[in-house]
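I have placed the structure first, in the form of structure tokens, so that the comments after it can refer back to it.
Each value in this text was obtained by applying a stated rule to the coordinates, not by laboratory testing. These figures come from a predicted structure and were not determined experimentally. Positions of Cβ are generated from backbone atoms using ideal geometry, with glycine treated the same way; all protein chains shown enter the neighbour counts.
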């Protein structure tokens, strides 16, 4: 019995944000202790964050300087991940590339979440605006993400800012669609109607009665946006439409190694490993968050926890 | 006689659906006096809730719309008010309690913040004063351990307690009219009586009129002063609650009464449910909508629609054969 009440305290149906934030670290720690995969995923992401912040100072070589004498060296004690076709250290370039991936990933997630949620809340209350906006969103989502981003970047030119902008467009469209659906279904709920029945103004209903109840959906979706934005940035760089070649990015390191795959397989392999690991970690964390926020799945988890 | 607080005149609320036009409320007129308890009775889909939502100005449009008629509260026609003016009336002058206590409260807000919400919107009370009033309200509706409860979330309360909270919320600005739309239907029987007693008490204390919407005639007998019986979007019989039991004059009222078990009925006497089903509202039968199910129906009933007419002081019936209709058949 105590086990059940403990877990229910840990993941209340939806306590207020302040309580949730306070309990977040503690409950994340407890959840990670139960779930080794989640613990591994969190570790990977934390290492990634650390590299994203400190990699340029950690790099032992000038990762932009070419050294043709030492090109395509296999991994060795000095060049842990070997060197590329210009003799640049792959380890240094890969960890420095972490910064770009995380910068693009988090920026796209933040921009698309804020704009997407805001727009969705507003249009859900204006029928005409909603109809117009949703057709626009449908149009945007009809294009494959990469194709649309490529087209935008060839229009506005390749730079980190423009990559973020291009990827934010499709991510925002996806957010609008998802959040709008959630808002529309919540709007029919009895407590929203009850709020209307005591004369609560529409903006207050949206901020106080609707938004807190879709935070779970938004958080989960944000993790998937993060994963797909990191992947999309790498794809764009791989295709040469991302950042300039001398700026290390996982995508363009993989692209460089592509031509030397038979003589220097390590050039593409290590950044590819980092990319896969990061995306996998983010997706796993997202899954775990969803499991904990979904009351039905949580019920199941609680039962198994109680049986233990 | 006190003066009338709510005056509904020739109200027509229609819904345009794919299946055709649904006249959910069709030419309904009634009055609720200041401080009285008025019951609107009828089976599912007869237009009771739509009447309530029309009064609240909460008809979803589209598909629904108040086509014509007046809803006067204290002499002000609510149907003519702007969205903002109507919003200022909801919660302060009219309040409503819904059927589902389990889902009527926002799961992420504390009881306290929900109880004081109407006060924050409609009054200038400070946050502290609003919270003090919330405590007063929760004590008024008889929830034990009020201070703790205020800090809790809806899922930590039982269904009956949540409905008490809903009543407290509705009464927070001392409205003139409280609408209870099937407010006790989802609760178990012992709690139902408590909640009804509570509603009756709090409305009597503040002189609030209570409009009970229900399909349960038992509730009507004990709590209502006057009763209106509704069927297929129209009022069929309006009168004093006591009369409605002893001398029902509309076949539908008779049917409702005879389908409920009574303590004073003869032992072993079978219940007499009303034959047939409620008609399809998009395709009502010609004449009186109740005629296909009516045992008193004569030829005229299938051709003409009877109007609601005063048959004796304080009693209105919409039936051509009302003189011969009665409980004893």
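Annotations
- Neighbour counts of C-beta atoms inside 10 Å place A:280, A:167 in the sequence A:280, A:167, starting with the fewest.
- DSSP-defined beta bridges in the protein assembly as shown - what % are antiparallel, rounded to 5: 65 percent
- Gyration tensor verdict on the stretch B:1-102 (Cα atoms; rounded if a/c is under 1.5, prolate if a/b is larger than b/c, oblate otherwise): rounded
- Residue exposure proxy: A:156, B:97, B:66, ordered by other Cβ atoms within 10 angstrom of their Cβ from fewest to most, comes out as A:156, B:66, B:97.
- Overall dimensions of the stretch A:17-146 as given by Cα atoms, namely Rg and Dmax in Å: 22.2, 66
- C-alpha long axis of helix B:189-206 to longest principal axis of chain B, angle in °: 70 degrees
- Overall dimensions of the stretch B:154-220 by Cα: Rg and Dmax, Å: 11.6, 32
- Stokes-Einstein translational diffusion, the stretch A:105-249 - Kirkwood Rh over all Cα pairs, 0.692 mPa s, 37 °C, in µm²/s: 202 µm²/s
- Debye equation applied to the C-alpha atoms of the stretch A:204-290, log10 I(q)/I(0) at 0.13, 0.18, 0.27 Å⁻¹: -0.55, -0.79, -1.19
- Rounded to two decimals, the Cα radius of gyration of chain A over 2.2 N^0.38 Å is 1.17.
- Result for chain B in a Gaussian network model with C-alpha springs under 10 Å: among B:174, B:190, B:13, the largest mean-square fluctuation is at B:190.
- For the protein assembly as shown, the spread of Cα positions along each principal axis, largest first, Å: 114, 53, 53
- Modelled FRET efficiency - R0 25 Å, residue A:60 with residue A:85, Cβ distances, 0.05 increments: 0.80
- At R0 = 41 Å, FRET efficiency that the Cβ-Cβ distance of residue A:37 and residue A:185 yields, to 0.05: 0.85
- Spatial separation of Cα centroids for the stretch B:190-228 and the stretch B:19-73, in angstrom: 19 Å
- In chain B the Cα-Cα distances spread across 20 Å bins starting at 0 as 30, 56, 14, 0 percent of all pairs.
- Mean ellipticity per residue at 222 nm, deg cm²/dmol - from DSSP H runs of n ≥ 4 across chain A, formula -39500 (n - 2.57): -25000 deg cm²/dmol
- Calculation over all alpha carbon pairs of the stretch B:191-262 in 5 angstrom steps from 0 returns a P(r) of 3, 15, 26, 24, 16, 11, 5, 0 percent.
- Folded to 0 to 90 degrees: helix A:36-58 orientation relative to chain A principal axis, Cα: 50 degrees
- With both residues required to sit in chain B, DSSP beta bridges show an antiparallel share near 65%.
- Rg to Rh quotient for the stretch A:177-237, alpha carbon positions, Kirkwood Rh: 1.20
- When both the stretch A:137-215 and the stretch A:21-88 are represented by their alpha-carbon centers, they are found 33 Å apart.
- Share of Cα-Cα pairs in the stretch B:160-319 lying beyond 29 Å, as whole percent: 29 percent
- In Å, descending, principal axis extents of the Cα set of the stretch B:105-172: 32, 23, 19
- In the distance distribution for the stretch B:47-169, Cα-Cα pairs more than 18 Å apart total 58 percent.
- Distance-filtered residues of the stretch A:165-180 - backbone nitrogen under 17 Å, label point 7 angstrom along residue A:138 Cα→Cβ: A:173-180
- Extending 7 Å from Cα along the Cβ direction at residue A:125 and again at residue B:123 yields two label points whose distance is 2.5 nm.
- Cut-off 15 Å (backbone N to label point 7 Å along Cα→Cβ of residue B:246), residues of the stretch B:41-65: none
- The Cα center of the stretch B:125-189 and the Cα center of the stretch B:252-329 differ in position by 39 Å.
- Mean residue ellipticity, 222 nm, helices only, chain B: the sum of -39500 (n - 2.57) across DSSP H runs of n ≥ 4, divided by residue count and rounded to 500, is -8500 deg cm²/dmol.
- The C-alpha atoms of chain B define a longest principal axis, and helix B:159-171 lies at about 80 degrees to it.
- Taking the number of Cβ atoms within 10 Å of each Cβ as an exposure proxy, the fewest-first ranking of B:231, B:245 is B:245, B:231.
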